[in-house]
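To start, the structure under review is shown below, and the notes come after it.
The values are calculated or read from the model by the stated rules, or taken from the named source; none is laboratory data. On a predicted model such as this, the values are computed, not experimentally measured, just so you know. We place every Cβ from the backbone using ideal geometry, glycine too, and count neighbours over all the protein chains shown.
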Amino acid sequence: MADAVEAIRQGVKQEADLLRRSDGVVVITDDFKVQLDRYRVDPAKVVVIPNWGALASIPERPKDNAWGRDHGLVDKFVFLYSGTLALKHNPSRLLALAEAFRDDPAVSVVLAASGISVDQLKAMPDDQNLDNLIFLPLQPIALFPSMLGAADVLVALLEADADEFSVPSKILS
């Protein structure tokens with residue numbers, strides 16, 4: 001564990017150094033400037049270009065669609081997490097969600113995701129008996145509208161301190 005913590009510290013140090021040496025830094029929200037100030041990045045180098053979901057390119061789809069049928073989700077109440085599941089996320093919340101509905105065969109918790117936290121969840125012991133926790137790889141963007149349509153609840157995870165370096169634009173989608 002100490003080695004992992006040290007590796008993260010070194011990575012943060014390298015990132016801060018890289019940002020300080022950059023000719024310019026583009027961020028997607030003013031909130032990111034807080035972290036850049038901590039890294040001692042010259043504010044004159046920082047430009048904000050808002051980055052939000054492209055709503056016009058995400059048509060609404062019905063719950064009963066080909067993607068949902070292909071994954072056996074049409075007759076289920078579906079909690080869906082889609083995207084990267086990394087260090088800034090808390091996978092134990094998804095695990096707790098699946099555990100809360102463990103005995104309800106009508107509920108599925110679907111992770112169409114990749115990242116270190118997905119690997120951690122997949123590595124949990126089989127005796128957890130979480131048949132309702134479904135792992136899928138990231139889906140092609142062409143399937144994204146149908147995937148959203150098949151879900152009843154779209155899940156986003158963001159720890160309280162992550163607002164300074166992460167904006168979950170997928171919430172808008």
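Residue by residue through the stretch 70-84, note down the ones that are in contact with an Asp or Glu (Cβ under 9 Å, 6 or more places away or on another chain) and aliphatic (A, V, I, L, M). Hits for the stretch 70-84 are VAL74, VAL78, LEU80.
Please go through the stretch 75-109 and pick out each residue that is among the small types (Gly, Ala, Ser), over 21 Å from PRO145 (Cβ atoms) and out of contact with any helix residue (DSSP H, G or I) (no Cβ under 7 Å at 6 or more places or on another chain). Even if it seems obvious, please write down each step before you answer.
The first filter runs over the stretch 75-109 and keeps only residues among the small types (Gly, Ala, Ser), leaving 82-83, 86, 92, 96, 98, 100, 106, 108.
Right, trim to over 21 Å from PRO145 (Cβ atoms) and you get 86, 92, 96, 98, 100, 106.
Those that are among the small types (Gly, Ala, Ser), over 21 Å from PRO145 (Cβ atoms) and out of contact with any helix residue (DSSP H, G or I) (no Cβ under 7 Å at 6 or more places or on another chain): SER92, ALA96, ALA98, ALA100, ALA106.
Scanning the stretch 19-34 finds one or more residues that are closer than 26 Å to PHE144 by Cα, more than 18 Å from the chain's Cα centre (by Cα) and either surrounded by fewer than 13 Cβ atoms within 10 Å (Cβ to Cβ) or free of Cβ contacts under 8 Å to residues at least 24 places away in the same chain (or both).
Residues that are in a strand (DSSP E or B), β-branched (Val, Ile, Thr) and under 14 Å from the mean Cα position of the chain (by Cα) are absent from the stretch 126-143.
Condition first: modelled with pLDDT of 70 or more, surrounded by 15 or more Cβ atoms within 10 Å (Cβ to Cβ) and in a loop (DSSP other than H, G, I, E, B). Now tell me which residues in the stretch 146-167 satisfy that. The answer is ALA151, VAL155, LEU157.
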